[in-house]
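Visitor: Provided herewith is a single structure, encoded as C-alpha cells, for subsequent inquiry.
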Amino acid sequence: FVSSALLLASEVITMLRYLSLDPIFVTAFVVPALVNRLASMLSSILVSLSGPRGVELKIDNPEQYNFHPKDLLSNVFETMARFANGNESVAFIDAVANCAYYTPAAFAKASSTVKRLGLLEPNVLEAFDQLNSKAQARAEALKAAEDALGDAPDEFLDPLMQEVMEDPV
C-alpha cells in the first residue's frame, strides 16, 4: 500500500509541476476555492521533507517503496516557485503565509538543501527565496492584523474549522 501511495503522490506532484508551466492552469488553481488547499498541500510536503522532522524520513531501500525524496522536494520546490511568480502570485503568497504549515525557517532550510544538492537552476532558487521573503512579510502582517482585531464572535466562526467565515451561506 505504501509504495502505491507514494507512487501516486509522486505522479500527482509531477503533473502539478508540469501544469504550472502554463499560466492558464496557474490561474485555474489559484481560485479562492483551491488556492488555500494547494498552498497547504505543497507546504506540508515541503516541511515534511525539510522541516525539523525531515530526518525521520530516512528509510532502508527507498526505491522499494517508490520514495524519491530529492525528486519530490525539487518538484514541490519548483511548483511553488512557479505559482509564486505567476499572474496570480499575490493570492498564492497570501495562501502560503496563511497556511498552518508555513514557517520561514523550514522554507529557508528547503532552499539551502536544494541549493546544496544542486537540484534546480539558480533562477528557481531565487524565485523560491522571494516567495519565502514575501510570505514571511505577509504572515507577519496577517498576525498583526489578527492581534489588532482580537477574537471574532462565535457566530462568525465556521463550526468545523473554527476560522472566520468569508462567505457564509
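The values are calculated or read from the model by the stated rules, or taken from the named source; none is laboratory data. Keep in mind it's a predicted model, so treat the numbers as computed, not measured. All Cβ positions, glycine included, derive from the backbone under ideal geometry; neighbour counts span all protein chains shown. For the accessible areas, the whole protein counts, side chains as well, though only heavy atoms, and no ligand, DNA or RNA atoms are used. Shrake-Rupley method; radii C 1.70, N 1.55, O 1.52, S 1.80 Å.
Visitor: Kindly indicate whether any position in the stretch 74-82 is open to solvent by 30 Å² or more (accessible area, probe 1.4 Å) and more than 11 Å from the chain's Cα centre (by Cα).
Guide: yes
Visitor: Ok, one more. Would it be correct to say that VAL30 is touching a Phe, Trp or Tyr at 6+ places or on another chain (Cβ under 9 Å), open to solvent by 50 Å² or more (accessible area, probe 1.4 Å) and of a type in the set (Val, Ile, Thr)?
Guide: no
Visitor: Mind telling me which of the residues GLU146, GLU56, GLU88 ends up being touching a helix residue (DSSP H, G or I) at 6+ places or on another chain (Cβ under 9 Å), open to solvent by 60 Å² or more (accessible area, probe 1.4 Å), modelled with pLDDT under 90 and not hydrophobic (A, V, I, L, M, F, W, C)?
Guide: Criteria check complete, one pass: GLU88.
Visitor: Let me ask you something else. Test each condition in (1) more than 22 Å from ALA9 (Cα to Cα); (2) open to solvent by 70 Å² or more (accessible area, probe 1.4 Å) for LEU125 and report the one that comes out false.
Guide: (2)
Visitor: What are the pairs, 6+ residues apart or on separate chains, where a residue within the stretch 1-14 that is closer than 15 Å to GLN64 by Cα has its Cβ under 8 Å from a residue that is of a type in the set (Phe, Trp, Tyr) and not in a loop (DSSP other than H, G, I, E, B)?
Guide: VAL2/TYR65; SER3/TYR65; LEU6/TYR65
Visitor: Scanning the stretch 128-143 for residues that are under 19 Å from ARG17 (Cα atoms) and touching a Phe, Trp or Tyr at 6+ places or on another chain (Cβ under 7 Å), which turns out least open to solvent (accessible area, probe 1.4 Å)?
Guide: Looking at the filtered set, the residue picked out is PHE128.
Visitor: Counting only residues that are of a type in the set (S, T, N, Q) and either more than 19 Å from ALA95 (Cα to Cα) or free of Cβ contacts under 8 Å to residues at least 12 places away in the same chain (or both), how many does the stretch 112-132 have?
Guide: 3
Visitor: Can you confirm whether LEU42 is of a type outside the set (Asp, Glu), modelled with pLDDT of 90 or more and closer than 23 Å to SER4 by Cβ?
Guide: Yes; evaluated as a whole, the condition is true for this residue.
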